[in-house]
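A.B. asks: Before anything else, here's the structure in question.
Where a number appears in this text, it was derived from the coordinates with a stated rule and is not lab data. Since this is a predicted model, take the numbers as computed values, not measurements. Don't worry about glycine lacking a Cβ; one is built from the backbone with ideal geometry, like all the others, and counts go over all protein chains shown.
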Amino acid sequence: MTLATLLKFNLRYYKKHSLLALLCLMGISLGVGIVIAVELINGSALASFSASIDFLSGKASHSVVSQYGRIDEKEFRSIWKHPMVSAASPIIDVMATTAETGSDSIRFLGIDPFLDPSFRGWTPQESDDTAFTSLLAGPIPSIYMSEELAQKHNLKPGAHLTLLKAGLEKKILLVGIIRASVSGNLSENLAVMDIASAQELFGRIGRLDRIDLVLRGDPETLRKALPDGLTLADANTRKATLNAMLYSFQLNLAAMSLIALFVGVFLIYNFSMFSVLSRREDMSLLLTLGSDTRGLVGAFITESLLLSAAGSLLGVVFGYLVAHFSISMVSSTISQLYYQVNVGGVHLTVPIVLSGVGVGLVATLIGVILPALEVAVTPPVLGIKRQSIEDRVSSLKKWLLALGTLFFIASVLGAWASRFSIFWGFAAAFGMTFAFALMTPASLSIFTHHLGSVLKRVIGSLIGFLAARNIKASLSRTSIAVAALAVALSMTIGVDTMIYSFRGSVASWLDGSLQGDIYISPDTTKWDHPLPDDLMMKLQADPRVASLEKYSTFDIYINDRLAKLRVLESELLKDKARFHFIEGSEDAWNELPKGSAFISESLSFKSGIRAGEKVRIPTPQGAVEFPVVAVTRDYSSDQGTVQIDRNIYKKLWGDDRVQSIALFLKPGVSTDEVKTSIMNDFRGLEKTVVSNSQMRETVLGIFDKTFAPTATLKGVSLLVGLLGVATAMMAILMERSRDIRVLGYLGLTSGELGRMNIYQGLIMGFSAFLIASVSGTVLTYIIVHAINYRSFGWSIDIRLNPWVFVETLSLTIAACFASSLYPTLKLMKIRTAPTLKEE
Amino acid sequence: MTNRAQTDQDSKRKQPKNMPELIRLENVSKCYSSGPTCEVFPLDSVSLELQQGERMILLGKSGSGKSTFLNIVGGVDTPTSGKVFFNSKELTSLSSFDLADYRRKEVGFIFQSFNLFPTLTVGENLTLPLELIGDKDHKKARDLLAAVGLADSWGKFPELLSGGEQQRVAIARALVKNPKLILADEPTGNLDQDTGATILKLIDEVSSMSNASLIMVTHSPDALWIAPKHYRLRSGRLELEPSLN
C-alpha cells in the first residue's frame, strides 16, 4: 500500500476530527509564531544597529575611541599625521531631540566638512552653495537633515528648529537635506553639522567622541602609537561590543519564547497520541489488508509533519504580525537600557520563514516520537481496549515519577553549574519544568483520587467526585494536558514572582539611592548633555536649598568591557544615601574621597573584581588603579558601574560637567514652590524637574516597560496550554462517551453531565495550578540565581507575592471554564440511547 | 392479527398473581430517518403490559429493535409515536429531567459489557446509584455484594475481577436501589456458558428478592427459563412466541 494511499485514507480522519486538528494547528502556530516574533525583533534590532554603524562609518576602516569617555581634540593632529593613516575625520556623535520633531530621537553628527567627504559621500560637500557656507559660518548653528525625517515633520531648508538640550532650548537652522538616494534604507534620524558648532552646542568643547580613519597599513602599528586610554576599533569590533551588551537581554527573550513552543510540544503529543489510539482499529485493518508497519509509521509521521508545516507557516505569519506591532516597544526598551536603535520595521526573509517551519517540524517530531512508536510496536490485534492504554499509563506513572525526580536533581545540579555557563541555567529551568511535567501523571492520579473522595464525603458533591475520577480514568490524556498547562502556569508564576521580587529589590535600591527632595534629571542625561552652569550657580545660592548633589555618568571601558563611570559626591551622600552593600560597609564612604571606588555587583560578577582588590580605570592621565572598598547593589546598568568621588574625577578628567542634580531642601520648604521657581527661571526644564516620588515612578515605569514583552510571551504560552486543555477534553469526550452514556442510564441528567464536564475542566486547571505553584516557585529561584544573576550580575531578594498566585488561579479557573464550555455543549448533546453492547 | 401481547397466557412459573400493572406500551413506534420520511421502523405499533414482578424475555435478530425497546421502556429514548406508562404515569410526557429521575429511582440496567467505571472501586461503583438518589446508607450495597458472592471485593478496582465477577457487580449495581424494573441487555453475551448460567441464576434470585419486573434481551436458549413469557421482535412487531411458552 503506497504512502499516498495511506495519506489519502488518513485524511478522512482529519476531516472527521477537524476541530481537534485545528486546535493542534493553532498550538503549533502560536508556539512557532512567538519564537519567530522574538527572532524577528532581535534580528531587526541588531540589523538596524549594524546597518547604522556601517552607514555612519562610510569608508572608515577603523575608529579611535576613548576608554574613558572622551578624546582630547589635541590628539587628533598626531593621529591624523601618523604614517599608517591615509585619512582621518574627527567626530562628535550625540543624540538629542528638537521641539519640532517631538519624541523622535535624532543623531547629531558633528563633522569637519573639509575632511569628512573622503569618508561619507552624503555629508555636506564644499561645492555646495550657500548652505555649505551657512553650515560653517552661519549666525546660528546650522544642520543638514535626513530627507525622511524632514519630510515626516514637513521641514524644509530655512526652517528654524528648537534643540532641546538638557531640557533647555537652543535655536538651530535647517540649511540642507541629505537625500534618501544617498542615505539608502537607513532608518536612523540624522542631522549633520559642523564639528565646532556641535562641540559648543553640546558642551563638548575641546573634546571628540571618536576619530574615523582610513588606514593604509598595519593597524597594530597605529594601535601601539596611540596614547594610553585610546583604542583602535574596526566597525566589527564596535558592533560586537554593542551586540555583547544586548546578548543577555535577547537571550532571555528568546528563552522565554521557547516556553510557548515547549508547551506546544505537549499539545502536539496529545493530539498525535489521540489520533493514533483512536485509529488503532483502522490501522490494524490496514495491516490485515496488506500494509506494513513501516508504511503506517511513515504515513503517520508524514501527515503530522504536513499538519506541522501548515501550522508553522501560519505561525510565521502570526510571528511577523506580533513582531510588527511590538518592535517599536522593544526597540524603545533597548534604546532606554543599552543604546539608541531606530528600527524601521521587521523584514521577513526566506531564512526566517525556513527557520520557523524548521522549528515547528522539530517540535512536531519531538511530539510524535512516542505516538509513532505506539504505531510501530503495537501488534495488529483488532479490538484492543482503550482501557489497556490507561492501564499502561497507570503502571508507567511510577517510572515517570522516578524519571521526574532524576530530572529534578539534574536541574538542581544544572542550576549550580550555571556559574560555569549560562547555558546550564537555561537547561536547569527547562529541565525543572520538564521534571514537574514528568511527575504530573503520578501526582494528578493521587490528587484526583483523594479530591474525588473529599468532594463526595465532605462537600457531598457526587458530580465533583465523578469529575475527579474521570480525570483519573483518562490519565493518559489528562496528565499531558495538565502538564502542558502547568508548564505555562509555572512560567507565569516563576516570571511574575521574579518580576515582583525584582521590582521590590529595585524599589528598595531606589529608596536607598534616591534621597533628594527634587531631581533635575533630563531625558538627555543618558546622552551626556551637561546641565547649564548658571542653573547650578543659582541653585547653590538658593537659601531654600540645604544641599545639592551633582551626578554624572559616562561610558568607560573596564578590562576592555563597556561599563558606566558614575561620579558622585561622597561627602554629601554618606549621610543621605543608604546603599545596599554586598561587600564592604558604610565605613567605605570615608574611603571614596581618598581615591577609592565602589563597584556594582554586576561589574564585580563580570570582571571578577571583589572588594579589597583594585579596579583599573582609564583616565585622560592614563590608567589609574582604584582600591575597591565596596561592592554595591546597583540596578542602573547591567554593564556594571564604578562609582568614584567627584573631586577625584575633576582632578583626573579635568571636567566638572553635571548631568543631573538632586536637591535637598531645608526643613519646612515646599517642594512644589521650589519646583515652580526653577521652572520659571529656566524655561524648558518643565519636564525634567521632578519630585522624589515622580523620579521613583519614572524609574519603575522604565522597569515595567522593560518587562512588558513578557506579558505577550506568557499570554501565548498560557493560550497554548489552554488549547491543550480544550483538546484533551474533546478527546476525553470522544473516548469516554461510553462511560458518559452509562451515567445517563444510571439517571444523570444532561445538565448534571455538563456540570461534571465543567468540574473536570476546573479540576484540571486547579491541579495544573497546584503543580505550577510549586514548580513556578522553584523556577523563580532558578531564574533569579542561575539565569538573571548569570546574565546581568544582579542579585534579587525573592519575595513571594500572594497576588501572583491568586491572579494566576483566577485566570486559570476562568480560562479552564471557558475552554471546557464547548466540549461541555458537545457532551450535553450526546444521546444516552445508543446501546452499550460492544466495547 | 393484533400486535397486543396476550398477557392472559401466564407461564407455569414466576407469574405474579393480581399484581398491579407496572409498564404499559400503547402503539409505540420508533422510526429512524435521514430525511423527512421514516426509513427504518425498529418498533412498529408495539403494545404491551407488564405487571409488577412479571418477567419477559425479548428475542429477535440483530438490529430488530430489541435495544431500542429497552431504551424506550428505560426512559433513555423516546418513541416517535405512541405512549409508554410506568405505574400509570405517562413516561412519554415527562421532561428529560424527570426521565433521568425515573431512571435514577425505578430502573436498573444490566449491560452485556458490564460497563463498570474502571476508576471507581467495586464499592464506589455499587454505591453510585445510591448516592444519586441521596441514600447514604451503604450497608445495602455491602449486603448485596455479599449476596452476589463478592463481599471481599468492595475495595477492589473492576480490572482485578474476572468477567463473571464484573457482571455480578453490575447486577448488584442494578439492584442496589431496589428498582421496580430491571432491564437486561444480553447480560450473558460476554460470558462463557458456565459463568452465564451462574449469572442468570443470580439475576433470578436477586430480582425475586426485590420483586422487580424483568425484561431481558437474550440470544441464548439457555437463558429462556428465567421468564415465562417470550416475545420476539420481527419487522418492528412484537409477537408472543407461543411455541416457547
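A.B. asks: Between B:D143 and A:E220, take the C-beta separation as r, use R0 = 56 Å, and let me know the FRET efficiency to the nearest 0.05.
C.D. replies: Between B:D143 and A:E220 the formula returns 0.05.
A.B. asks: For chain A, take every pair of Cα atoms, bin their distances at 10 Å starting from 0, and report each bin as a whole percent.
C.D. replies: 2, 11, 18, 20, 16, 12, 10, 7, 3, 0, 0
A.B. asks: Moving on. What relative contact order, as a whole-number percentage, does the range A:574-639 give when Cα pairs under 8 Å and 6 or more residues apart are counted? Before the final figure, lay out each step's value.
C.D. replies: Working: 100 pairs, mean separation 27.5, N = 66.
Computed over the range A:574-639, the figure is 42 percent.
A.B. asks: Rounded, prolate or oblate: pick one for the range A:143-275, where a ≥ b ≥ c are the square roots of the eigenvalues of its C-alpha gyration tensor, a/c under 1.5 means rounded, and failing that, prolate if a/b is larger than b/c, else oblate.
C.D. replies: It is oblate, given that a/c is not under 1.5 and a/b is not larger than b/c.
A.B. asks: In a GNM of chain B with a 10 Å cut-off on Cα contacts, which of B:S81, B:S162, B:S29 has the highest mean-square fluctuation?
C.D. replies: In the Gaussian network model the winner is B:S162.
A.B. asks: Using only the alpha-carbon atoms, how far is helix A:462-473 inclined from the longest principal axis of chain A? Give it as 0 to 90 degrees, nearest 10.
C.D. replies: That helix lies at roughly 80 degrees to the long axis.
A.B. asks: Need one number: % antiparallel among DSSP beta bridges in the protein assembly as shown, to the nearest 5. It would help to have the intermediate numbers written out before the result.
C.D. replies: Numbers: 78 of 115 bridges.
Bridges in the protein assembly as shown that DSSP calls antiparallel: roughly 70 percent.
A.B. asks: Same structure again: Please enumerate, by chain and number, the aspartates and glutamates with C-alpha under 14 Å from the C-alpha of A:K826, excluding those fewer than 8 residues away in the same chain.
C.D. replies: A:E735, A:E752
A.B. asks: Here's a follow-up. Straight-line reach from A:K398: which lysines fall under 23 Å, measuring Cα to Cα and dropping same-chain residues less than 8 apart?
C.D. replies: A:K385, A:K472, B:K156
A.B. asks: Follow-up. Taking amide hydrogens as modeled 1.01 Å from N in the peptide plane, which residues meet the under 5 Å criterion relative to A:I177, leaving out close sequence neighbours?
C.D. replies: Under 5 Å from the amide H of A:I177 lie the amide H atoms of A:M145, each far enough along the sequence or on another chain.
A.B. asks: Taking only Cα atoms of the range B:72-152, what ratio of Rg to Rh do you get with Rh as the Kirkwood inverse-distance radius?
C.D. replies: Reported Rg/Rh (Cα atoms, Kirkwood Rh): 1.05.
A.B. asks: In addition: Report D for the range A:703-819 in µm² per second (integer): Stokes-Einstein, Kirkwood Rh on Cα pairs, 25 °C, 0.890 mPa s.
C.D. replies: In µm²/s, the coefficient rounds to 145.
A.B. asks: Now for a different question. Using a 7 Å offset from the Cα along the Cα-to-Cβ direction at both A:S677 and B:E90, what is the distance between the two label points in nm, to one decimal?
C.D. replies: In this crude spin-label approximation the distance works out to 9.6 nm.
A.B. asks: Just from its helices, what would the mean residue ellipticity at 222 nm be for the protein assembly as shown, if runs of 4 or more DSSP H residues each count -39500 (n - 2.57) and the sum is divided by every residue, rounded to the nearest 500 deg cm²/dmol?
C.D. replies: Per the formula, -17500 deg cm²/dmol.
A.B. asks: Out of B:I199, B:I182, B:I171, any idea which swings most in a Gaussian network model of chain B, alpha carbons joined below 10 Å?
C.D. replies: The residue that fluctuates most here is B:I199.
A.B. asks: Mind listing the lone cysteines of the protein assembly as shown, meaning no other Cys beta-carbon sits under 4.7 Å from theirs?
C.D. replies: Lone cysteines by the Cβ rule: A:C24, A:C816.
A.B. asks: Which pairs in the list A:K171/A:K705; A:K606/A:K705; A:K170/A:K687; A:K59/A:K171; B:K61/B:K177 are over 21 Å apart, alpha-carbon to alpha-carbon?
C.D. replies: Working: A:K171/A:K705 33 Å; A:K606/A:K705 25 Å; A:K170/A:K687 16 Å; A:K59/A:K171 32 Å; B:K61/B:K177 32 Å.
With Cα atoms farther than 21 Å apart: A:K171/A:K705; A:K606/A:K705; A:K59/A:K171; B:K61/B:K177.
A.B. asks: Continuing with this model, one more query. Excluding residues fewer than 8 places away in the same chain, name every one of the lysines whose C-alpha is closer than 19 Å to that of B:K89.
C.D. replies: Excluding near neighbours in sequence, the set is B:K105, B:K180.
A.B. asks: Quick one: helix A:18-57 against the long Cα principal axis of chain A, what's the angle to the nearest 10°, folded into 0 to 90?
C.D. replies: 10
A.B. asks: How large is Rg over Rh for the range A:690-730, taking Rg from the Cα atoms and Rh as the Kirkwood inverse mean of 1/r across Cα pairs?
C.D. replies: 1.41
A.B. asks: Can you list the equivalent-ellipsoid semi-axes of the range A:1-138, largest first and in whole Å, using the square root of 5 times each Cα gyration tensor eigenvalue?
C.D. replies: The answer is 58, 20, 16 Å, longest axis first.
A.B. asks: By how many degrees, between 0 and 90 and to the nearest 10, does the Cα long axis of helix A:708-735 differ from the longest principal axis of chain A?
C.D. replies: 10
A.B. asks: Continuing with this model, one more query. Within a Cβ distance under 15 Å of A:S693, other residues only, what is the Lys/Arg minus Asp/Glu net charge?
C.D. replies: Values: positive: A:K675, A:R696; negative: A:D511, A:D517, A:D672, A:E697.
Here the charged neighbours net out to -2.
A.B. asks: Below 8 Å between Cα atoms, with a sequence gap of 6+, how large is the relative contact order for chain A in percent?
C.D. replies: About 18 percent, as a whole number.
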